[in-house]
Amino acid sequence: MGHATIEWVYVGVVISLLTWVGAESWNVERQVEHIPPETETIKVIGQQWFWTFEHQDGKKEIGQLHLKQGVPYKFEIVSKDVIHDFNVPDYTILMDAVPGRVNVAWNLFDTPGEYRIQCREYCGFGHPTMKAKLFVEPFSQTAEAAEKPTNGQNATSAQAPVQTAGPPGKPLTILAGASVQGSPNFDPDTITVKKGDKITVTNKDTLPHTVTSGTGPTDPNNAKQFDTSIIEAGATADIETTKLNPGQYPFFCTVHPYMTGKLVVP
């Protein structure tokens, strides 16, 4: 067999391999992009600097997303302001959230647990804190929950602040426009209460906020003393001080970390 013949054999082998690889790649891409017909749709909304999730049944969650094990989900990903990137690292989900456009991704979560959601596109000052938690609930747990009656009430987000009974406490107001960096945010910005007093926080801004103990998101002790969780626009939440010792307690908003204040217990 001459050299020319051997060279043509090599060329034929290479062409065959490339054809096979190309066909397999196309098949894998087709399977990845094919969305199963039984998927449940979750609308993912990114904005500076938090994630909101809307389920098919109308339930909304902010900062948390609860899904069922073994159920395929289609994510319709949008942005209200700038470009963000919806990323679940443990499941290699990565898709841009672009203003004026709906991007789609889907996934089936086969392992129960708690996972991290983050933004992978620099989107401004609060980008490092634009995180959320994904909870994949075991199949048995979701089945039991489906069997329990709801008394006709709609499910609410697990992130919603719990109100305590009784009259309102000492007022702490999140001011309108507080989300704009440099604007007044908490009124008063230093609030003094006696141990055991209740504080009632009212959000008068148009965006969700929190009142969370600590100097900021990098503080290893943040949320250890108190945390209202997300307070929707127009809503209120209470802070109990029965477990606080005399001292000064800085606080901030986890959605907009430049919003800061101080709680003083004499």
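Could you tally the net charge around residue 112, taking each other residue with its Cβ under 10 Å from the Cβ of residue 112, Lys/Arg +1 and Asp/Glu -1?
Numbers: positive: 68; negative: 110, 114, 137.
Result for the local shell: -2.
Express the Stokes-Einstein translational diffusion coefficient of region 74-140 in µm² s⁻¹, to the nearest whole number, given a Kirkwood radius over alpha-carbon pairs, 37 °C and a viscosity of 0.692 mPa s. Walk me through the numbers before you get to the answer.
Details: Rh = 12.7 Å.
For the chosen part, D equals 258 µm²/s.
How much of the calculated P(r) for region 190-265 lies past 15 Å, in percent of all Cα pairs? Let's see the in-between values first.
Details: 1460 of 2850 pairs.
Of all Cα-Cα distances in region 190-265, 51 percent exceed 15 Å.
Using the Karplus curve 6.51 cos²θ - 1.76 cosθ + 1.60 with θ = phi - 60°, work out ³J(HN,Hα) for each residue of region 174-191 in order, rounded to whole Hz, and write x for Gly and Pro.
8, 6, 4, x, 4, 6, 7, 4, x, 7, x, 10, 10, 10, x, 7, 10, 10
Please list, by residue number, everything in region 97-127 whose backbone N is under 16 Å from a paramagnetic label point 7 Å out along Cα→Cβ of residue 56.
From region 97-127, the list is 105-109.
Put a dot 7 Å past each Cα toward the Cβ at residue 111 and residue 221; how far apart are the dots in nm?
Going by the 7 Å Cα→Cβ label model, 3.5 nm.
So how much slack lies between residue 233 and residue 92, counting 0.36 nm per residue of separation and subtracting their Cα-Cα distance, in nm?
Numbers: separation 141, 0.36 × 141 = 50.76 nm, distance 3.30 nm.
Extra length from residue 233 to residue 92 when fully extended: 47.5 nm.
Return the distance in nm (one decimal) between the two label points of a simple spin-label model at residue 243 and residue 38, each offset 7 Å from Cα along Cα→Cβ.
Placing both labels 7 Å along Cα→Cβ, they lie 4.3 nm apart.
What's the FRET efficiency of residue 189 with residue 102 using the Cβ-Cβ distance as r and R₀ = 41 Å, to the nearest 0.05? List each step's numbers first, then the result.
On the way: r = 40 Å, r/R0 = 0.97.
That pair, residue 189 with residue 102, gives E of 0.55.
Could you name the lysines whose alpha carbon sits less than 24 Å from that of residue 224, not counting residues in the same chain fewer than 8 places away?
Within the straight-line limit of under 24 Å, residue 224 reaches these lysines: 131, 133, 170, 194, 195, 198, 243, 262.
Coordinate-derived values only; no laboratory data. Everything numeric here is computed off the predicted structure, so don't read it as measured data. Ideal geometry is used to build each Cβ from the backbone, glycine not excepted, and the neighbour counts take in all protein chains shown.
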